[in-house]
Amino acid sequence: MSRKYQGLIVLNTKSLEGTVDELVSSVSKELQAEGAKIEKVAQLGRREFAYESRHLASGHYVNYTFGGEPDTIKKIQSRLKLNDHVHLQHYSRLA
C-alpha cells in the first residue's frame, strides 16, 4: 500500500565539494535506493537559522514529495543519518 509523503531536508553545504544541485540529486538517489518514488523536488534555497545549530548558522532547504510504503520513512531516516551533508530531516504524510 503506497502512500504519499513530503520530506523537508536541510543540507549542510559548509564543506561541500561540488555543487548544491549534485548534492540534491545524490540525496534523491539515496531516497530512491530505499524504495521512494520521487514525484517532485523543490529547492527552497539557503536560509538562516534562528539560532546556531551544531555550529551551523544556515542551511539549504529542499522539499521532496514522494510515494512509498509505510516502512520507507524509517529506512530513509536511518540511511540519511549517515550522510554528513544532511543536517536535519522531517517527514509528513500527505492526505
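Put simply, the amide H of GLY59, placed in the peptide plane, has neighbours under 5 Å in ARG47, PHE49, leaving out anything fewer than 5 places away on its chain. In a DSSP loop and with at most 10 other Cβ atoms within 10 Å, the GluC sites (Glu not before Pro) in segment 1-72 are GLU17.
Per-residue Karplus couplings for segment 22-38, computed as 6.51 cos²θ - 1.76 cosθ + 1.60 with θ equal to phi - 60°, are listed in order as 5, 5, 4, 6, 5, 5, 4, 5, 5, 4, 5, 5, 8, x, 7, 9, 6 Hz, Gly and Pro entered as x. Our helix-only sum for the chain, with -39,500 (n - 2.57) per DSSP H run of n ≥ 4 divided by its residues, gives a mean residue ellipticity at 222 nm of -7500 deg cm²/dmol. Between SER28 and ALA57, the modelled label-to-label distance comes to 3.1 nm, taking each label 7 Å out from Cα in the direction of the beta carbon.
Checking (1) 31, 27, 18; (2) 52, 28, 12; (3) 40, 27, 22 against the coordinates, the calculated Cα extents along the principal axes in Å falls under label (3).
Where a number appears in this text, it was derived from the coordinates with a stated rule and is not lab data. Computed from a predicted structure; not experimentally measured. Cβ atoms come from the backbone with ideal geometry, glycine included; neighbour counts cover every protein chain shown.
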